[in-house]
RNA sequence: GCGCGAUUAGCUCAGUUGGUAGAGCAACUCAUUUACACUGAGAAGGUCGGGGGUUCAAGUCCCUCAUCGCGCACCA
């Protein structure tokens, strides 16, 4: 029998739909997401230590997926915890224009409309994608709110904001002045579908089984899986120590019959040849191969382009000119066979080809005159701080992975031939190709040869701007925010982008600010479906976080994402699990209902000190519990705390303590009743506080109902302390 | 080829510095005007991938093998 005058909401099961938006508005209206407001309103002390987390800027090209759901959950949990611990807590939200990613999404949209980006004038295309992005942005921001994110919207940044672009430009200029960025002819990976180059990270290696050809090249046999690149090969290379070819000398010319007639080839002896591989002899194609390029560069050999940017053969291919390499290969082999130049064909040669990670097109190495950052000097500084353990990796094996990558780092191609992005502020000489950074648009002649110049039409690799995110968003160098909140405390993001993003932030942060950008890196794994499969639209197993929050409530979704999810490990998301936590939210609801109905005429007193022995035992147990989970929270072991608090509430508090209270309330002495009532409310209020970072909505709602004096919003209440200080030690 | 992980209950995963294996979900047996069926009580389920070593003691440390996953390189 329920007492008539308890909050009528409690008489029905917990209804997330009725609650969540209302609670979020309460929080947002309070202004407490903003640490300055917390300070102004006396929520935190004036000398409170800062705690800063910069949100990985969300790609503004779609809607929130399960991975975002995880990011928002973990980060909001961290931030709410720190806020309750009295830190001057800033969680700065942001959006990423996500250059190439967004352009690909938009191109697919265009394709459906029967258009292509190559038919659209640059400025118009830019405007269209901008509109598309802005539309998505507001959508995404709504979804981030739905997840309960307590980020400071007043400080929100977008990668294309003027202030960010300005910082990015200054960084580029500084790199240029320090001779750390150069424009040069280098091999890049070129996607003929997307018509842009990539850095070495945006590449997907794919195993292929293809024929492998052994071709007669004068007195030699060379082997290749790509005969279509061989038209211009006029250097034949072998190892200087290779006995088999001892009779040939470096620089020697030989005449031989090749695909389109007789040619003169030059013998090159080079240490970089693997004698064990194939016949130990190869011809080189410097324009379309990394290794060949390196040899040609070092030996000063001529380079010639064979394949154009669309994957078609150039005039050097003679009768094959203009044909696409895909079609040409067979025809070329046919011709070689007719000429008796094919020695043998290995039909099932297994090798790995580099493909575009978005469209699967085989990437063609091409020599391009583009901007590259010299990474070695930047990487060395990063390695130094990492080896000094000045950045903590959670889990720590990511440190090893990072060190390995940094030790073998390659120069970073930051030029992208796409419209959607931050334009590279540079002029290029029409005569000598020299590149000059020109922030004020004042360079009119080449500084090297006095030739005429043109504006660089390329945009920056999107990771170049996001790599500067921690200091760029905080208004480096003179803003108060930068002084207060940098270096940030933690970078929480997907393990997947450890190189793309995290490592580059460390390098650029150190380079520009001289300080590490964050003290800790917390890396979460992928979110997989219940069967442990990667979610993808084509498999049809994508789980939309908003469908789950709609069905089970955001709190259930959030704690379901946390429990059992260790950092760095991928998480299988099952609906059963989320449903279980929906029941938990309702359990809390009913616990509150029971406590309020059975203690209705008790006035809760936070400083109640007449507990009888029975309660003192429970308090000491609770105290131990609080101190252990507080330590685990500080160690970022949320997966354990989530499980423990669940277990404490349900199996201990509800099933045992509340059950035995029924007897006390029925037959106990007034002292026993009073003692127990105080304990129940006190414990409930502590549970709500501990649970708040995990399940912010239901806990805030219950907090508003329970009889505690001088209540603030739960989100700014203090995290409970263990009553017995000695337990803490 | 080099590197990094993983292998524990049917499934998903915990297991902190070595001290006789834990949780959720699922399945099983009971209970049923109970704060809560979005429930309660109970039971079941594991030679911790194989082998070897260190130790009084190993899921945990060392070596080795196997399988799976990922990254990097090579890919003439």
Report task. Compute the FRET efficiency between residue A:185 and residue A:652 as 1/(1 + (r/R0)^6), taking r as their Cβ-Cβ distance and R0 = 56 Å, and round to the nearest 0.05. Result -> 0.20
Requested in this report: Could you tell me how many degrees, from 0 to 90 and to the nearest 10, lie between the Cα long axis of helix A:66-84 and the main elongation axis, the longest principal axis, of the Cα atoms of chain A?
Outcome: 50
Report task. Taking 7 Å along the Cα-to-C-beta vector as the label spot, tell me the residue A:455-residue A:634 distance in nanometres, rounded to one decimal. Result -> 5.5
Report summary line: For the range A:342-450, the Cα-Cα pair-distance distribution in 5 Å bins from 0, as whole percents, is 2, 8, 11, 12, 13, 13, 14, 12, 7, 5, 2, 1, 0
**Report entry** 15 Å tail of the calculated P(r), the range A:90-166, as % of Cα pairs
**Finding:** 63
**Report entry** Stokes-Einstein D in µm²/s, Kirkwood radius over Cα pairs - the range A:1-61 at 37 °C with 0.692 mPa s viscosity
**Finding:** 210
Query raised in the report: What is the percent of Cα-Cα separations in the range A:73-231 that go past 20 Å?
Result: 73
Query raised in the report: Sorting A:454, A:504 on the 10 Å Cβ count, fewest up front, what's the list?
Result: A:454, A:504
**Report entry** Under 20 Å from the residue A:162 label point (7 Å along Cα→beta-carbon), backbone N, the range A:106-150
**Finding:** A:127, A:130-131, A:134
**Report entry** Size of the range A:155-203 as Cα extents on the principal axes (Å, biggest first)
**Finding:** 38, 29, 16
Query - Segment residue A:276-residue A:624, extension gain: residue separation times 0.36 nm, minus the distance between their alpha carbons - result: 118.7 nm
Report summary line: Between residue A:547 and residue A:348, Cβ-based FRET efficiency (R0 45 Å, step 0.05) works out to 0.50
Query raised in the report: How far is helix A:504-513 tilted off the main Cα axis of chain A, in degrees rounded to 10, range 0 to 90?
Result: 80
Query raised in the report: Hey, with R₀ at 51 Å, roughly what FRET efficiency would residue A:440 and residue A:119 work out to, going by the Cβ-Cβ distance, to 0.05?
Result: 0.95
Query raised in the report: Quick one: if you stick a label point 7 Å off each Cα along the C-beta vector at residue A:448 and residue A:139, how many nm between them?
Result: 4.5
Report task. Sort A:446, A:191, A:432 so that the residue with the fewest other Cβ atoms within 10 Å of its own Cβ comes first and the one with the most comes last. Result -> A:432, A:446, A:191
Query raised in the report: Given just the C-alpha atoms of chain A, how large is their convex hull per residue in cubic angstrom?
Result: 190
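For the range A:36-144, count all C-alpha to C-alpha pairs, find those more than 18 Å apart, and express that count as a whole percent of the total.
60
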Query raised in the report: Under a point spin-label approximation (7 Å from Cα along Cα-to-Cβ), what is the residue A:200-residue A:479 distance to one decimal in nm?
Result: 3.5
Query raised in the report: For the range A:206-350, what ratio Rg/Rh do Cα atoms give with a Kirkwood hydrodynamic radius?
Result: 0.94
Query raised in the report: Between residue A:254 and residue A:316, 0.36 nm times their residue separation minus their Cα-Cα distance comes to what?
Result: 20.3 nm
Query raised in the report: Kirkwood-based Rg over Rh for the range A:477-559 (C-alpha set), two decimals?
Result: 1.14
Requested in this report: Any chance you could give the angle, 0 to 90 degrees and rounded to 10, that helix A:325-338 forms with the longest Cα principal axis of chain A?
Outcome: 30
Query raised in the report: Hey, fewest Cβ within 10 Å first, where do A:617, A:385, A:437 land in order?
Result: A:617, A:385, A:437
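Read-outs throughout are calculated quantities, based only on the coordinates presented, and are distinct from any laboratory measurement. What you see is a predicted model, and the numbers here were worked out from it, not measured in a lab. In this analysis, Cβ positions are derived from the backbone assuming ideal geometry, glycine residues included, and neighbour counts consider all displayed protein chains.
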